[in-house]
1. Who wins for biggest fluctuation among Tyr184, Tyr319, Tyr135 in a Gaussian network model of the chain, springs between alpha carbons below 10 Å?
2. For the chain, what does the relative contact order come out to in percent, with C-alpha contacts under 8 Å and a separation of six or more?
3. Rounded to a whole number, what % of the accessible area of the stretch 34-141 do carbon and sulfur atoms account for, probe 1.4 Å?
4. Got a sec to turn the phi values of the stretch 156-162 into Karplus ³J(HN,Hα) couplings, 6.51 cos²θ - 1.76 cosθ + 1.60 with θ = phi - 60°, whole Hz, x for Gly and Pro?
5. Tell me, what ³J(HN,Hα) does each residue in the stretch 311-328 have, in order and in whole Hz, if you take phi through Karplus 6.51 cos²θ - 1.76 cosθ + 1.60 with θ = phi - 60° and put x for Gly and Pro?
6. Mind listing the long-range amide H neighbours of Gly195? Cut-off is under 5 Å, sequence gap 5 or more, other chains count too, H placed in the peptide plane at 1.01 Å from N.
7. Ordering Glu100, Glu18, Glu38, Glu335 from largest to smallest accessible area (1.4 angstrom probe), what's the sequence?
8. Work out the charge dipole of the chain with +1 on the Cβ of Lys and Arg and -1 on the Cβ of Asp and Glu about the Cα centre, then indicate which of Ala162, Gly304, Thr334 is farthest towards its positive end.
Amino acid sequence: MSGLNAEFIPPARPVIGEAEIEAAVRVLRSGLVVQGPEVKAFEEEFGELVAGRHCVAVNSGTSALQLTLMALGFGPGDEIIVPSFSFAASANAVRLVGAEPVFVDIEPDSFCVDPEAVAAAVTPRTVAIMPVHLYGHPAAMDRIMQIAERHGLAVVEDAAQAHSAALNGQPVGSFGTAGCFSFYPTKNMHSLEGGMVTTADPELARTLRLLRNQGMEQRYANEIVGANMRMTDVAAAIGRVQLRQLPEWTEQRRANAKFLDSKITGMVTPPVADNAKHVYHQYTVRTQGNRDAAQKRLTELGIGNAVYYPTPIHRLKPYLNEDGKPGPWDLPETERAAAEVISLPVHPALSPADLERIAEGANLAGGAR
Ligand SMILES: *Cc1c(COP(=O)(O)O)cnc(C)c1O
(Lines give C-alpha, C1' and ligand atoms only; values in the text may rest on other atoms or scores of the structure.)
Protein backbone atom coordinates (compact mmCIF):
# COMPACT_ATOMS: atom_id res chain seq x y z
CA MET A 1 0.00 0.00 0.00
CA SER A 2 1.38 3.36 -1.00
CA GLY A 3 0.36 4.99 2.31
CA LEU A 4 1.55 8.47 3.18
CA ASN A 5 3.17 9.23 -0.16
CA ALA A 6 -0.04 8.68 -2.08
CA GLU A 7 -2.13 11.59 -3.20
CA PHE A 8 -5.03 12.66 -1.00
CA ILE A 9 -8.39 11.36 -2.23
CA PRO A 10 -10.94 14.13 -1.67
CA PRO A 11 -14.30 13.21 -0.11
CA ALA A 12 -16.20 15.00 -2.89
CA ARG A 13 -15.23 16.51 -6.22
CA PRO A 14 -17.68 18.99 -7.75
CA VAL A 15 -17.32 19.18 -11.55
CA ILE A 16 -16.97 22.56 -13.25
CA GLY A 17 -15.81 21.43 -16.68
CA GLU A 18 -15.38 23.17 -20.00
CA ALA A 19 -19.01 22.47 -20.95
CA GLU A 20 -20.26 24.14 -17.75
CA ILE A 21 -17.98 27.15 -18.33
CA GLU A 22 -19.09 27.48 -21.95
CA ALA A 23 -22.74 27.28 -20.95
CA ALA A 24 -22.26 30.01 -18.33
CA VAL A 25 -20.43 32.28 -20.77
CA ARG A 26 -23.09 31.74 -23.43
CA VAL A 27 -25.78 32.90 -21.00
CA LEU A 28 -23.76 35.89 -19.82
CA ARG A 29 -23.23 37.01 -23.41
CA SER A 30 -26.94 36.58 -24.18
CA GLY A 31 -27.91 39.14 -21.53
CA LEU A 32 -30.90 37.04 -20.44
CA VAL A 33 -29.61 36.15 -17.02
CA VAL A 34 -32.46 35.65 -14.54
CA GLN A 35 -35.35 33.19 -14.83
CA GLY A 36 -35.28 33.23 -18.60
CA PRO A 37 -35.15 30.54 -21.29
CA GLU A 38 -32.46 28.41 -19.60
CA VAL A 39 -34.50 28.13 -16.41
CA LYS A 40 -37.57 27.11 -18.40
CA ALA A 41 -35.59 24.48 -20.32
CA PHE A 42 -33.98 23.17 -17.13
CA GLU A 43 -37.42 22.80 -15.52
CA GLU A 44 -38.72 20.87 -18.52
CA GLU A 45 -35.70 18.60 -18.73
CA PHE A 46 -35.64 17.91 -14.99
CA GLY A 47 -39.23 16.66 -15.28
CA GLU A 48 -37.92 13.49 -16.92
CA LEU A 49 -36.18 12.61 -13.65
CA VAL A 50 -39.43 12.79 -11.66
CA ALA A 51 -41.95 10.96 -13.85
CA GLY A 52 -43.06 14.10 -15.68
CA ARG A 53 -44.03 16.17 -12.66
CA HIS A 54 -44.16 19.97 -12.80
CA CYS A 55 -40.80 21.46 -11.87
CA VAL A 56 -40.21 24.88 -10.32
CA ALA A 57 -36.59 26.06 -10.14
CA VAL A 58 -35.39 28.13 -7.19
CA ASN A 59 -32.10 29.45 -5.83
CA SER A 60 -31.30 26.63 -3.36
CA GLY A 61 -32.51 23.38 -1.88
CA THR A 62 -33.37 25.16 1.35
CA SER A 63 -35.49 27.64 -0.62
CA ALA A 64 -37.22 24.70 -2.32
CA LEU A 65 -38.25 23.31 1.07
CA GLN A 66 -39.21 26.68 2.54
CA LEU A 67 -41.17 27.76 -0.54
CA THR A 68 -43.06 24.45 -0.57
CA LEU A 69 -44.09 24.80 3.07
CA MET A 70 -45.14 28.41 2.39
CA ALA A 71 -47.12 27.36 -0.68
CA LEU A 72 -48.92 24.69 1.32
CA GLY A 73 -49.88 27.37 3.83
CA PHE A 74 -48.09 25.90 6.85
CA GLY A 75 -47.10 28.12 9.75
CA PRO A 76 -47.44 28.73 13.47
CA GLY A 77 -49.28 25.99 15.35
CA ASP A 78 -48.53 23.36 12.70
CA GLU A 79 -46.37 20.31 13.35
CA ILE A 80 -44.23 18.73 10.65
CA ILE A 81 -42.66 15.32 11.20
CA VAL A 82 -38.99 15.25 10.22
CA PRO A 83 -35.98 13.06 10.99
CA SER A 84 -33.38 14.54 13.33
CA PHE A 85 -30.64 12.64 11.52
CA SER A 86 -30.30 15.00 8.55
CA PHE A 87 -28.76 18.27 7.46
CA ALA A 88 -30.16 21.18 9.50
CA ALA A 89 -31.85 22.62 6.39
CA SER A 90 -34.64 20.04 6.69
CA ALA A 91 -35.79 21.36 10.08
CA ASN A 92 -34.73 24.94 9.37
CA ALA A 93 -37.29 25.11 6.54
CA VAL A 94 -39.99 24.11 9.03
CA ARG A 95 -38.94 26.77 11.53
CA LEU A 96 -38.52 29.41 8.82
CA VAL A 97 -42.26 29.25 8.13
CA GLY A 98 -43.01 29.33 11.86
CA ALA A 99 -44.07 25.68 12.15
CA GLU A 100 -42.64 23.17 14.64
CA PRO A 101 -40.46 20.21 13.66
CA VAL A 102 -41.41 16.98 15.42
CA PHE A 103 -38.31 14.80 15.36
CA VAL A 104 -38.59 11.07 14.76
CA ASP A 105 -36.08 8.26 14.68
CA ILE A 106 -34.52 6.52 11.66
CA GLU A 107 -34.28 2.94 10.46
CA PRO A 108 -30.78 1.68 11.25
CA ASP A 109 -30.21 0.17 7.79
CA SER A 110 -31.35 2.92 5.42
CA PHE A 111 -30.60 5.86 7.79
CA CYS A 112 -33.98 7.21 6.63
CA VAL A 113 -37.04 8.00 8.71
CA ASP A 114 -38.74 5.02 10.39
CA PRO A 115 -42.39 4.78 9.20
CA GLU A 116 -43.50 3.32 12.53
CA ALA A 117 -42.00 6.28 14.36
CA VAL A 118 -43.74 8.59 11.89
CA ALA A 119 -47.12 6.94 12.53
CA ALA A 120 -46.61 7.23 16.30
CA ALA A 121 -45.75 10.95 16.05
CA VAL A 122 -48.97 12.07 14.35
CA THR A 123 -51.08 14.44 16.48
CA PRO A 124 -54.14 16.59 15.66
CA ARG A 125 -51.68 19.41 14.85
CA THR A 126 -49.64 17.42 12.33
CA VAL A 127 -49.91 18.84 8.81
CA ALA A 128 -47.07 17.16 6.96
CA ILE A 129 -44.38 14.51 6.90
CA MET A 130 -40.95 15.42 5.54
CA PRO A 131 -38.98 12.25 4.78
CA VAL A 132 -35.33 12.77 3.81
CA HIS A 133 -33.76 10.43 1.24
CA LEU A 134 -30.54 10.50 3.18
CA TYR A 135 -27.20 9.78 1.49
CA GLY A 136 -29.13 8.94 -1.70
CA HIS A 137 -31.15 6.05 -0.23
CA PRO A 138 -34.91 6.42 -0.79
CA ALA A 139 -37.03 6.61 2.36
CA ALA A 140 -39.79 3.98 2.77
CA MET A 141 -42.19 6.04 0.65
CA ASP A 142 -44.79 3.30 0.16
CA ARG A 143 -45.43 3.10 3.90
CA ILE A 144 -45.05 6.83 4.48
CA MET A 145 -47.64 7.62 1.80
CA GLN A 146 -50.08 5.18 3.45
CA ILE A 147 -49.70 6.97 6.78
CA ALA A 148 -50.13 10.35 5.10
CA GLU A 149 -53.28 9.22 3.30
CA ARG A 150 -54.76 7.75 6.46
CA HIS A 151 -54.35 11.07 8.29
CA GLY A 152 -54.79 13.50 5.38
CA LEU A 153 -51.24 14.85 5.62
CA ALA A 154 -49.02 16.47 3.00
CA VAL A 155 -45.72 14.77 2.20
CA VAL A 156 -42.72 16.94 1.32
CA GLU A 157 -39.80 14.80 0.18
CA ASP A 158 -36.37 16.21 0.96
CA ALA A 159 -34.59 14.77 -2.08
CA ALA A 160 -31.59 17.11 -1.83
CA GLN A 161 -29.19 14.14 -1.78
CA ALA A 162 -31.08 11.74 -4.01
CA HIS A 163 -31.38 12.82 -7.67
CA SER A 164 -32.74 9.77 -9.56
CA ALA A 165 -32.96 7.46 -6.54
CA ALA A 166 -36.05 5.25 -6.71
CA LEU A 167 -38.23 2.80 -4.83
CA ASN A 168 -40.03 0.02 -6.73
CA GLY A 169 -38.94 1.77 -9.91
CA GLN A 170 -40.60 5.06 -8.97
CA PRO A 171 -38.25 8.05 -8.70
CA VAL A 172 -37.97 10.12 -5.53
CA GLY A 173 -39.63 13.48 -5.88
CA SER A 174 -42.63 11.81 -7.54
CA PHE A 175 -44.26 10.23 -4.46
CA GLY A 176 -45.23 13.09 -2.19
CA THR A 177 -47.23 16.30 -2.49
CA ALA A 178 -43.90 17.82 -3.49
CA GLY A 179 -40.26 16.87 -3.84
CA CYS A 180 -37.37 19.23 -3.10
CA PHE A 181 -33.94 18.91 -4.72
CA SER A 182 -30.65 20.78 -4.17
CA PHE A 183 -28.01 21.69 -6.74
CA TYR A 184 -25.28 22.68 -4.29
CA PRO A 185 -21.78 21.88 -5.65
CA THR A 186 -21.20 18.73 -3.57
CA LYS A 187 -24.57 17.15 -4.48
CA ASN A 188 -24.86 14.44 -7.19
CA MET A 189 -25.39 17.26 -9.70
CA HIS A 190 -25.11 21.00 -9.21
CA SER A 191 -25.88 24.45 -10.60
CA LEU A 192 -23.39 26.27 -8.28
CA GLU A 193 -26.35 27.05 -6.02
CA GLY A 194 -29.88 26.03 -6.90
CA GLY A 195 -32.91 23.93 -6.10
CA MET A 196 -36.04 22.44 -7.67
CA VAL A 197 -39.54 21.72 -6.41
CA THR A 198 -41.42 18.92 -8.16
CA THR A 199 -45.15 18.32 -7.89
CA ALA A 200 -48.02 16.62 -9.71
CA ASP A 201 -50.41 19.40 -8.64
CA PRO A 202 -50.62 22.22 -11.22
CA GLU A 203 -52.24 24.59 -8.70
CA LEU A 204 -49.39 24.05 -6.23
CA ALA A 205 -46.88 24.57 -9.07
CA ARG A 206 -48.53 27.89 -9.91
CA THR A 207 -48.46 29.02 -6.28
CA LEU A 208 -44.78 28.07 -6.07
CA ARG A 209 -44.06 30.11 -9.20
CA LEU A 210 -45.85 33.11 -7.75
CA LEU A 211 -44.17 32.83 -4.36
CA ARG A 212 -40.65 32.58 -5.77
CA ASN A 213 -41.15 35.86 -7.66
CA GLN A 214 -42.82 38.43 -5.39
CA GLY A 215 -46.26 36.95 -6.01
CA MET A 216 -46.20 37.96 -9.68
CA GLU A 217 -46.99 36.05 -12.83
CA GLN A 218 -47.27 39.25 -14.84
CA ARG A 219 -44.90 42.02 -13.95
CA TYR A 220 -46.30 44.49 -11.40
CA ALA A 221 -49.59 42.59 -11.23
CA ASN A 222 -48.74 41.08 -7.84
CA GLU A 223 -51.36 38.57 -6.72
CA ILE A 224 -49.98 37.49 -3.35
CA VAL A 225 -47.09 38.30 -1.00
CA GLY A 226 -44.03 36.48 -2.28
CA ALA A 227 -40.28 36.19 -1.87
CA ASN A 228 -37.39 36.36 -4.31
CA MET A 229 -36.08 32.82 -4.68
CA ARG A 230 -35.48 32.92 -8.43
CA MET A 231 -32.82 30.84 -10.17
CA THR A 232 -30.41 32.59 -12.50
CA ASP A 233 -30.03 31.47 -16.10
CA VAL A 234 -26.33 30.93 -15.50
CA ALA A 235 -27.21 28.41 -12.79
CA ALA A 236 -29.83 26.75 -15.01
CA ALA A 237 -27.42 26.47 -17.95
CA ILE A 238 -24.85 24.76 -15.70
CA GLY A 239 -27.57 22.55 -14.23
CA ARG A 240 -28.65 21.45 -17.73
CA VAL A 241 -25.10 20.40 -18.60
CA GLN A 242 -24.86 18.46 -15.34
CA LEU A 243 -28.28 16.86 -15.79
CA ARG A 244 -27.09 15.30 -19.06
CA GLN A 245 -24.17 13.71 -17.22
CA LEU A 246 -26.17 12.58 -14.20
CA PRO A 247 -27.11 9.08 -15.48
CA GLU A 248 -23.47 8.22 -16.16
CA TRP A 249 -22.30 9.71 -12.85
CA THR A 250 -25.02 7.84 -10.97
CA GLU A 251 -24.01 4.51 -12.52
CA GLN A 252 -20.39 5.25 -11.62
CA ARG A 253 -21.33 6.03 -8.00
CA ARG A 254 -23.30 2.77 -7.84
CA ALA A 255 -20.43 0.78 -9.36
CA ASN A 256 -17.98 2.38 -6.92
CA ALA A 257 -20.26 1.49 -4.01
CA LYS A 258 -20.58 -2.08 -5.25
CA PHE A 259 -16.81 -2.41 -5.33
CA LEU A 260 -16.45 -0.99 -1.81
CA ASP A 261 -19.26 -3.29 -0.55
CA SER A 262 -17.34 -6.29 -1.86
CA LYS A 263 -13.99 -5.26 -0.35
CA ILE A 264 -14.72 -3.61 2.98
CA THR A 265 -14.82 -6.03 5.88
CA GLY A 266 -13.49 -3.87 8.73
CA MET A 267 -16.56 -1.63 8.88
CA VAL A 268 -20.30 -2.12 8.36
CA THR A 269 -21.11 -1.26 4.74
CA PRO A 270 -24.43 0.47 3.91
CA PRO A 271 -27.35 -1.96 3.37
CA VAL A 272 -29.87 -1.23 0.62
CA ALA A 273 -33.59 -1.90 1.14
CA ASP A 274 -35.44 -4.31 -1.18
CA ASN A 275 -36.52 -2.62 -4.40
CA ALA A 276 -34.56 0.53 -3.56
CA LYS A 277 -32.23 2.26 -6.00
CA HIS A 278 -29.51 3.93 -3.91
CA VAL A 279 -27.63 6.73 -5.70
CA TYR A 280 -24.84 7.05 -3.10
CA HIS A 281 -24.65 10.76 -2.55
CA GLN A 282 -22.57 9.45 0.35
CA TYR A 283 -21.11 6.02 0.94
CA THR A 284 -21.61 5.80 4.67
CA VAL A 285 -20.19 3.04 6.84
CA ARG A 286 -20.52 2.38 10.55
CA THR A 287 -17.42 1.98 12.66
CA GLN A 288 -17.48 -0.70 15.29
CA GLY A 289 -14.39 0.58 17.09
CA ASN A 290 -13.27 4.10 17.94
CA ARG A 291 -14.53 6.51 15.29
CA ASP A 292 -12.07 9.32 16.04
CA ALA A 293 -9.17 6.89 15.70
CA ALA A 294 -10.63 5.49 12.49
CA GLN A 295 -10.98 8.97 10.97
CA LYS A 296 -7.44 9.87 12.02
CA ARG A 297 -6.10 6.70 10.40
CA LEU A 298 -8.05 7.32 7.16
CA THR A 299 -6.74 10.86 6.97
CA GLU A 300 -3.16 9.66 7.56
CA LEU A 301 -3.66 7.24 4.68
CA GLY A 302 -4.73 10.12 2.43
CA ILE A 303 -8.36 9.08 2.28
CA GLY A 304 -10.88 11.90 2.53
CA ASN A 305 -13.62 11.20 5.04
CA ALA A 306 -16.33 13.08 6.88
CA VAL A 307 -19.11 12.61 9.41
CA TYR A 308 -22.61 13.51 8.24
CA TYR A 309 -23.95 14.36 10.78
CA PRO A 310 -22.07 14.37 14.09
CA THR A 311 -24.83 16.30 15.89
CA PRO A 312 -28.44 15.32 15.22
CA ILE A 313 -30.65 18.35 14.57
CA HIS A 314 -32.52 18.02 17.89
CA ARG A 315 -29.20 18.64 19.69
CA LEU A 316 -28.28 21.77 17.69
CA LYS A 317 -28.59 25.05 19.59
CA PRO A 318 -31.68 26.47 17.82
CA TYR A 319 -33.60 23.28 18.57
CA LEU A 320 -32.82 23.01 22.28
CA ASN A 321 -35.37 23.94 24.92
CA GLU A 322 -35.05 27.26 26.73
CA ASP A 323 -33.12 25.48 29.49
CA GLY A 324 -30.47 24.53 26.92
CA LYS A 325 -31.42 20.85 26.97
CA PRO A 326 -32.80 18.81 24.06
CA GLY A 327 -36.55 18.19 24.00
CA PRO A 328 -38.13 14.97 25.21
CA TRP A 329 -37.16 13.12 22.05
CA ASP A 330 -36.41 9.40 22.19
CA LEU A 331 -34.15 8.77 19.19
CA PRO A 332 -31.77 5.90 19.98
CA GLU A 333 -30.98 4.97 16.36
CA THR A 334 -30.33 8.62 15.53
CA GLU A 335 -27.90 8.95 18.44
CA ARG A 336 -26.16 5.70 17.52
CA ALA A 337 -25.79 6.68 13.86
CA ALA A 338 -24.45 10.12 14.79
CA ALA A 339 -21.80 8.39 16.93
CA GLU A 340 -20.82 5.66 14.46
CA VAL A 341 -20.98 6.86 10.85
CA ILE A 342 -18.17 7.86 8.52
CA SER A 343 -18.65 8.73 4.86
CA LEU A 344 -15.96 7.56 2.46
CA PRO A 345 -15.30 8.91 -1.06
CA VAL A 346 -17.65 7.40 -3.68
CA HIS A 347 -17.77 10.21 -6.27
CA PRO A 348 -17.53 9.40 -10.00
CA ALA A 349 -14.01 10.83 -10.40
CA LEU A 350 -12.41 7.99 -8.38
CA SER A 351 -9.99 5.72 -10.24
CA PRO A 352 -9.81 1.93 -9.73
CA ALA A 353 -6.59 2.53 -7.77
CA ASP A 354 -8.34 5.10 -5.56
CA LEU A 355 -11.10 2.59 -4.85
CA GLU A 356 -8.56 -0.09 -3.88
CA ARG A 357 -6.90 2.34 -1.50
CA ILE A 358 -10.22 3.41 0.04
CA ALA A 359 -11.22 -0.20 0.70
CA GLU A 360 -7.83 -1.15 2.14
CA GLY A 361 -7.79 2.02 4.22
CA ALA A 362 -11.26 1.34 5.58
CA ASN A 363 -10.22 -2.17 6.58
CA LEU A 364 -7.12 -0.85 8.36
CA ALA A 365 -8.98 2.05 10.00
CA GLY A 366 -11.81 -0.23 11.13
CA GLY A 367 -9.49 -1.79 13.70
CA ALA A 368 -8.01 1.53 14.90
CA ARG A 369 -8.22 2.11 18.66
C1 LIG B 1 -28.01 20.11 0.88
C2 LIG B 1 -29.26 19.76 1.62
C3 LIG B 1 -30.31 20.66 1.76
C4 LIG B 1 -30.22 22.09 1.36
O5 LIG B 1 -29.84 22.36 0.07
P6 LIG B 1 -29.08 23.74 -0.26
O7 LIG B 1 -29.09 23.78 -1.75
O8 LIG B 1 -27.70 23.64 0.32
O9 LIG B 1 -29.85 24.85 0.35
C10 LIG B 1 -31.48 20.23 2.37
N11 LIG B 1 -31.59 18.97 2.85
C12 LIG B 1 -30.59 18.09 2.76
C13 LIG B 1 -30.80 16.71 3.30
C14 LIG B 1 -29.38 18.45 2.16
O15 LIG B 1 -28.39 17.55 2.10
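1. Highest fluctuation among the options: Tyr319.
2. 23
3. Carbon plus sulfur share of accessible area: 52 percent.
4. With the stated coefficients, the stretch 156-162 comes to 10, 7, 8, 9, 4, 10, 9 Hz.
5. Values per residue, Gly and Pro as x: 10, x, 4, 5, 9, 7, 3, x, 10, 7, 5, 4, 7, x, 9, x, x, x Hz.
6. Correct list: Val58, Asn59, Ser60, Phe183.
7. In descending accessible area the options line up as Glu18, Glu100, Glu335, Glu38.
8. Value: Gly304.
The values are calculated or read from the model by the stated rules, or taken from the named source; none is laboratory data. Predicted model only: the values in this text are computed from it and were never measured. As a convention, Cβ positions derive from the backbone with ideal geometry for all residues, glycine included, and neighbour counts pool all protein chains shown. Note: areas computed on protein heavy atoms with side chains; ligands, DNA, RNA excluded. Shrake-Rupley method; radii C 1.70, N 1.55, O 1.52, S 1.80 Å.
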